Amino acid sequence: MRVAGLGFRTSASLADLRAALALTGARPDALASTSTKALAPVLKQLAHEMGLPLLVLEESEIAGEQTLTCSPRIKARFGTGSLAEACALVAARTGPPGARSRLITPRVVTADGQATAAIAERLEP
């Protein structure tokens, strides 16, 4: 299973989220973000238009998650280097006990800086 973790500013548009996903070059099986971001109409719309489930994570679930990239702002706010990477990794591990995950696409950022995306896949135990 491949999961796209998404991070975005409150001013991000649906086009920004689409652009971030396009930059990954991969088609996910699900989208994931934090509970606060999951309430955003643009993320709900993206999940609906792609026909994908939206996996909602609590901030406590991603805190401390090791990521390949690091934004000082995100580190201070969420306790992890990349919201997109952390959400992708944590969400991809959900399922069978002992499942692991790995990033297949590290965080990408849209040209306008409004949205980020990363793709992780589940590694079965």
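The values are calculated or read from the model by the stated rules, or taken from the named source; none is laboratory data. Note that this is a predicted model, so its numbers are computed, not measured. Neighbour counts are summed over all protein chains in view; Cβ atoms, including those assigned to glycine, are modelled from backbone coordinates with ideal geometry. Please note that ligands, DNA and RNA were not included when accessible areas were found on the heavy atoms of the full protein model with its side chains. Shrake-Rupley method; radii C 1.70, N 1.55, O 1.52, S 1.80 Å.
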* Asked: Based on DSSP H runs of at least 4 residues, each adding -39500 (n - 2.57), what is the mean residue ellipticity at 222 nm of the chain after dividing by all its residues, to the nearest 500 deg cm²/dmol?
  -> -10000 deg cm²/dmol
* Asked: Which value results when the Cα radius of gyration for region 12-96 is divided by 2.2 N^0.38 Å?
  -> 1.05
* Heavy-atom accessible area per residue, the chain, 1.4 Å probe: how many Å²? -> 47 Å²
* Give me the net charge of SER71's neighbourhood, meaning all other residues with Cβ under 13 Å from the Cβ of SER71; Lys, Arg count +1, Asp, Glu -1. => +4
* Can you tell me the relative contact order of region 86-125? Whole percent, Cα pairs under 8 Å, sequence separation 6 or more. => 46 percent
* For the chain, size of Cβ-based charge dipole, Lys and Arg +1, Asp and Glu -1, in debye -> 140 debye
* Taking the chain as a Gaussian network, where each spring joins two C-alpha atoms under 10 Å apart, which residue of LEU39, LEU14, LEU103 fluctuates the most? -> LEU39
* Asked: Which percent of the accessible area of the chain is formed by carbon and sulfur heavy atoms (probe 1.4 angstrom)?
  -> 55 percent
* Structure fact -> Honestly region 1-48 on the Cα gyration tensor test (a ≥ b ≥ c root eigenvalues; a/c under 1.5 rounded, otherwise a/b vs b/c for prolate or oblate) is just oblate
* Calculate the spin-label point distance for HIS48 paired with SER60, positioning each point 7 Å from the Cα along the beta-carbon direction, and give it in nanometres. => 3.1 nm
